[in-house]
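The values are calculated or read from the model by the stated rules, or taken from the named source; none is laboratory data. Owing to the predicted nature of the structure, the values given are computational and were not obtained by experimental measurement. Counting neighbours? That spans all protein chains shown, and the Cβs are built from the backbone with ideal geometry, glycine included.
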Amino acid sequence: MSSTATGTALVVTVVHHPEDARIRHRQIAALLEAGWQVTYAAPFSGYGLELPSLPGLDVIDLPRAVGRRRLRALRAARRLLSARGGAQDVILLHDPELLVAVRGLGLDNVVWDVHEDLPASLAMKPWLPTWLARPAAGAVRRVELGAEKRHELLLAEHDYQARFRQPHLVVPNTTRVPAARPAGGGRHVVYVGHNSRARGVHDLIALGAALAGDDIAVKVIGHADGEATSALEAATASGTNSIEWLGFMSHGEAMAQVDGALAGLSLLHDEPNYRHSQPTKVIEYMAHGVPVLTTPLPKAVEVVEAADAGIVVPFGDTMAAADAVRSLAANPDKREQFAINGHAHAAEHYDWTSKAADFTRELASLARRTGSC
């Protein structure tokens, strides 16, 4: 690695969307801006995307791991890691499955980015039989602790540290905060993220039905699992629901829909995986000057109440959510104050622009400790 602290990185995922904000628009963007040469291997065609063309970025299309169909993707990833991993200063893995793919390859430059509390999330995986959730969680815990012995780790949440024996660098899910706060005035609320039962898709649909007579649209942006897809398609076709499912959008396109909204929605359910995770969407709504409407998950409540940037509603209470939206529509001064507060708080505490240099510097340090540069 050169004295300017730039280098080469192989970034790999077979699960996440190639436009994942943490991977593509924060970490990879920060590396490219710092002068790194990045190879990004991801399931582009599996998500219906063309390969991007950016200076300094080499892209490789991998199969997509979906549900129980993961073996082909893992084999392809292992071949790639075996062929090209040793020539990189850093290999940055974003899926726990890839820890299995890299086993036995003798690579000492691997960094695993821990995105979520996977053992806690297994009970929500629709493709995993209920009776397998507990033994699968135990197996994942063993893989995680084994990975800690062999690789460097990055954590997306401070609370994830409790799952491991050694301290690890935390790279939180912050966002780029626009310098100028977008103006309000829209007659819509918006949700950005994956759609599933646990993430509140049925609550979003019920909210759309409740607001159908108020001339307030509920815009839903993001991929959906099978159940959520059927429910969203039925709701949008009903003619009696104000919901608009816009499907997946790039990060920039999604944030353009957020700008000016009455509120940004985070109606996640009370699931173990969400209780100690800070919903990135909450920070993104605040960053774009949009009041937050959230269920009372501890991390979301902590952020929203510290900033005085939105309203907390009970889990599964559609009427409370609808009343909160109506109150913001009827009180533009209240909406504006929430927006001002949220934008200022996000700029002070959660701006990725001020943290990107720390990430690239720490990744260079991790590379030096692995002896790859």
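Return only the number of the condition from (1) closer than 16 Å to residue 98 by Cβ; (2) in contact with a Ser or Thr (Cβ under 7 Å, 6 or more places away or on another chain) that residue 31 does not satisfy. Of the numbered conditions (1) closer than 16 Å to residue 98 by Cβ; (2) in contact with a Ser or Thr (Cβ under 7 Å, 6 or more places away or on another chain), the odd one out for residue 31 is (1).
Residues considered: 344, 300. Of these, the only one that is aliphatic (A, V, I, L, M), out of contact with any Phe, Trp or Tyr (no Cβ under 9 Å at 6 or more places or on another chain), free of Cβ contacts under 8 Å to residues at least 40 places away in the same chain and closer than 23 Å to residue 259 by Cα is 344. On the stretch given as region 42-78, residues that are more than 30 Å from residue 226 (Cβ to Cβ) and not hydroxyl-bearing (Ser, Thr, Tyr) total 5. Could you check how many residues of region 21-51 are without any contact (Cβ under 8 Å) to a residue 60 or more places away in the chain and either surrounded by fewer than 20 Cβ atoms within 10 Å (Cβ to Cβ) or in contact with a helix residue (DSSP H, G or I) (Cβ under 9 Å, 6 or more places away or on another chain) (or both)? Count: 15. In the set (1) assigned to a helix (DSSP H, G or I); (2) assigned by TED's automatic domain parsing to the domain that holds residue 251; (3) touching a residue at least 24 places away in the same chain (Cβ under 8 Å), residue 293 fails one condition alone, (1).
Taking residues in region 226-254 that are farther than 16 Å from residue 200 by Cβ, and partners anywhere that are in a helix (DSSP H, G or I) and among the charged types (D, E, K, R), the pairs with Cβ atoms closer than 8 Å and at least 6 places apart or on different chains are 242/214; 251/24.
Scan region 319-341 and tell me whether some residue there is in contact (Cβ under 8 Å) with a residue 60 or more places away in the chain and of a type in the set (Ser, Thr, Tyr). No. Annotation note: of 313, 290, 301, 325, the sole residue that is closer than 18 Å to residue 197 by Cα and either at pLDDT 95 or above or buried (at least 23 other Cβ atoms within 10 Å of the Cβ) (or both) is 313. Within region 44-55, does at least one residue satisfy the condition of being assigned by TED's automatic domain parsing to the domain that holds residue 71 and at positive phi? Yes, region 44-55 contains a residue that is assigned by TED's automatic domain parsing to the domain that holds residue 71 and at positive phi.
Could you grab me the full set of residues in region 209-226 that are of a type outside the set (A, V, I, L, M, F, W, C) and more than 20 Å from residue 249 (Cα to Cα)? Spell out the reasoning first.
At the first step, the residues of region 209-226 found to be of a type outside the set (A, V, I, L, M, F, W, C) are 213-215, 219, 222-223, 225-226.
If the condition is that a residue be of a type outside the set (A, V, I, L, M, F, W, C) and more than 20 Å from residue 249 (Cα to Cα), then 213, 214, 215 are the ones that fit.
Just so you know, in region 223-242 the residues that are over 21 Å from the mean Cα position of the chain (by Cα) and polar (S, T, N, Q) include one that is surrounded by the most Cβ atoms within 10 Å (Cβ to Cβ), and it is 242.
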